[in-house]
């Protein structure tokens, strides 16, 4: 009996995963939107772009969660990805004060993109073929591109003295 419970404990429904992912994207959007006026002009464009990207991801999850034709598919139980706790922890945003440091913002953004990339890749692997799997694959690819771009900007700003 213990083995069965342990196996169930390591599973969750896609509906619950979609709810966490939607919240993940919402908190990121709000964080970037709220911090935009406080960041240096060097990275303001980037923070604005991040807020827009997170809004787009939030909209994708919201639309998917509202689709009645997927109700059966989102009830499916799937294995919880190993990095789920780190992904869920990203819902809590840091308090960076009135004059946030560019490096701290970029580090936070990089950490979020990396966690999202890993999470969406793992979720795509355990999802059945269909719109949910397609969304996770799309987002994993998007987050990977964002991470690579952020790494370039981080290097330019932190290690090279500015863009």
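The values are calculated or read from the model by the stated rules, or taken from the named source; none is laboratory data. Everything numeric here is computed off the predicted structure, so don't read it as measured data. For neighbour counting, all protein chains shown are included, and Cβ atoms are generated from backbone atoms with ideal geometry for every residue, glycine included.
A few comments on the model shown:
- Hits in segment 145-163 - residues which are touching a helix residue (DSSP H, G or I) at 6+ places or on another chain (Cβ under 8 Å) and part of a helix (DSSP H, G or I): 146, 147, 150, 151, 153, 154, 157, 158
- Count of segment 1-40 residues which are modelled with pLDDT of 90 or more, in a helix (DSSP H, G or I) and more than 16 Å from the chain's Cα centre (by Cα): 5
- In segment 81-103 there is at least one residue that is over 22 Å from residue 129 (Cβ atoms), over 12 Å from the mean Cα position of the chain (by Cα), in a helix (DSSP H, G or I) and modelled with pLDDT of 80 or more.
Residue by residue, here is whether (1) farther than 16 Å from residue 19 by Cβ; (2) in contact (Cβ under 8 Å) with a residue 60 or more places away in the chain holds:
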site	(1), (2)
64	no, yes
70	no, yes
73	no, no
77	no, yes
114	yes, no
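- Among the residues making up segment 125-144, those that are assigned to a helix (DSSP H, G or I) and surrounded by fewer than 18 Cβ atoms within 10 Å (Cβ to Cβ) are 125, 126, 131, 133, 134, 137, 138, 141, 144.
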